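For reference, the structure is listed below as structure tokens.
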Amino acid sequence: MNPEYAVALIGSLDTKGAEYGYVRDLLLEEGRDVVLIDTGVLGAPSQSADVGREQVARAGGSELATIQASGERGSSMRVMAAGARNILAEMDRSGQLGAVLALGGSNAAYVLSHSVEDLPIGLPKVLVSTMAAGNTAPYVGHMDLILINPVVDINGLNRLSRQVLANAAHAVSGMLSADRLDSATDKSVIAISMFGVTTPCGTEIARQVEVQKQEALTFHATGVGGKAMEALIRAGLIDAVADITTTELADELVGGVCSAGPTRLTAAGEVGIPQIVSLGALDMVNFGRPETVPTRFKRRTFYEHNPEVTLMRTDAAECAKLGGVLAEKLNRATGPVEVLIPTQGFSMISVPGAPFHDPDADSALIDSLTGALREEIPVHKLDVDINDVTLAEKAVELLENWMVKNNGSNA
């Protein structure tokens, strides 16, 4: 452990000064270095900050007086979040940052989530906020953010808030007591996308990748998983991709709940690393409970994956569009691309005899994709479903060929 690692406390010292002072003192008592960063804008701070609000605003590209005069809370928070982000990034680059902790409501959650999203995975990021009991997706995103629900609002120190805040401080201190794991390795890192209905394929690819003395990182294609995979690719942490499960594209197109956004399936092509792409779970769109499915889809084919997840079969028109989406993204790739097409089903529920078996819809996707792909992109049609071991073996074979070529070119 580096004894110089500091805990960055980020928050508004005008409204939460007493709470931040309490947590700071607890950390100091445990021998931790603390950097108190004030992101407040309106009232006068009740605690002395190590990094004042003027400095934070300037780091965010503005002046405190300017954003105070504007009276616009939203734009002020954007400036302060950007400033905190730049300050934390500099602390991390200089080897000073050990952990980040924030306390408060929605403003604290917003500032923390936007200021730590580029920090390394494994660096402790802790938020004590009432927002931890609601929809946390906007704050957690693809990060390893730790959320603590304070039970009561963070509005002064009392018998409940003292205990919760003390737990947060001691938890952060405990995390700093552990040695940081060394992520350096000479193994190639392979990213694999997987879903419940493509688990056999993803699991077999991961197993064979490990046999080849490479490291497999598997991402659950629920939207957040796809975003995390794309972010790690752009960060240079991935050497090749087995993007077997591209289902998030269907949710983005049709309006399901597992979209990873419009940039899904773009990072590998932009950075130029090898990618194998298949059609896993493009036979479905994800919704929540049955009553949450939009009424415009009431005549469609559905499958209850579990009481909280309702799957809708993509139809031929949607599949044709998806083929075009895939082709457009892959055609822009600057690195090696190969496509694996399982002609007997894109998931375990679209094989012959299963609820989502629809050869016409599958053919619409396949024809649209192959008709629009660049001629130099190899396409491998396999007369199996996606979970057949043959497809996993082919994916690993192609990956291994690329790894050998890449190592040879660098020799």
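The values are calculated or read from the model by the stated rules, or taken from the named source; none is laboratory data. Computed from a predicted structure; not experimentally measured. Every residue, glycine as well, gets a Cβ built from its backbone with ideal geometry; the counts of neighbours run over all protein chains shown.
Could you tell me whether the range 249-256 includes any residue that is surrounded by 17 or more Cβ atoms within 10 Å (Cβ to Cβ), without any contact (Cβ under 8 Å) to a residue 60 or more places away in the chain and small (Gly, Ala, Ser)?
Yes, the range 249-256 contains a residue that is surrounded by 17 or more Cβ atoms within 10 Å (Cβ to Cβ), without any contact (Cβ under 8 Å) to a residue 60 or more places away in the chain and small (Gly, Ala, Ser).
Check every one of the helices (runs of 4 or more DSSP H) wholly within the range 201-307 and list those with 3 or more residues that are of a type outside the set (D, E, K, R) and at pLDDT below 95.
Result: 224-234.
Would it be correct to say that Thr203 is under 21 Å from Thr343 (Cα atoms), surrounded by 20 or more Cβ atoms within 10 Å (Cβ to Cβ) and out of contact with any helix residue (DSSP H, G or I) (no Cβ under 7 Å at 6 or more places or on another chain)?
no
Say whether the condition of being assigned by TED's automatic domain parsing to the domain that holds Ala109, touching a Gly at 6+ places or on another chain (Cβ under 8 Å) and of a type in the set (Ser, Thr, Tyr) is met by at least one residue in the range 36-51.
yes
Determine whether Asn401 is surrounded by fewer than 17 Cβ atoms within 10 Å (Cβ to Cβ), out of contact with any Phe, Trp or Tyr (no Cβ under 9 Å at 6 or more places or on another chain) and in the same structural domain as Gln275 (by TED's automatic domain parsing).
yes
In the range 101-120, what count of residues is obtained for those that are in contact with a Leu (Cβ under 8 Å, 6 or more places away or on another chain) and not in a helix (DSSP H, G or I)?
Residues that pass the stated criteria total 4.
Matching residues to (1) of a type outside the set (Phe, Trp, Tyr); (2) within 21 Å of Leu398 (Cα to Cα); (3) in a helix (DSSP H, G or I):
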| site | (1), (2), (3) |
| --- | --- |
| Ala317 | yes, no, yes |
| Gly323 | yes, no, yes |
| Leu326 | yes, yes, yes |
| Leu340 | yes, yes, no |
| Met348 | yes, no, no |
| Val351 | yes, no, no |
| Ala354 | yes, no, no |
| Glu375 | yes, yes, no |
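Could you please tell me which pairs satisfy a Cβ distance under 7 Å, a separation of 6+ or placement on different chains, a first residue in the range 90-105 that is on the phi > 0 side of the Ramachandran plot, and a second residue that is surrounded by 16 or more Cβ atoms within 10 Å (Cβ to Cβ) and of a type in the set (A, V, I, L, M, F, W, C)?
Gly104/Ile154
Kindly evaluate Asp92 against the criterion of being among the acidic types (Asp, Glu) and either in contact with a helix residue (DSSP H, G or I) (Cβ under 8 Å, 6 or more places away or on another chain) or modelled with pLDDT of 95 or more (or both).
Considered against the rule, which asks whether it is among the acidic types (Asp, Glu) and either in contact with a helix residue (DSSP H, G or I) (Cβ under 8 Å, 6 or more places away or on another chain) or modelled with pLDDT of 95 or more (or both), Asp92 comes out as no.
For the range 333-356, which positions are free of Cβ contacts under 8 Å to residues at least 40 places away in the same chain and at positive phi?
Of everything in the range 333-356, just one residue is free of Cβ contacts under 8 Å to residues at least 40 places away in the same chain and at positive phi, namely Gly353.
Can we say Lys187 is farther than 27 Å from Ser115 by Cα, at pLDDT 85 or above and assigned to a loop (DSSP other than H, G, I, E, B)?
no
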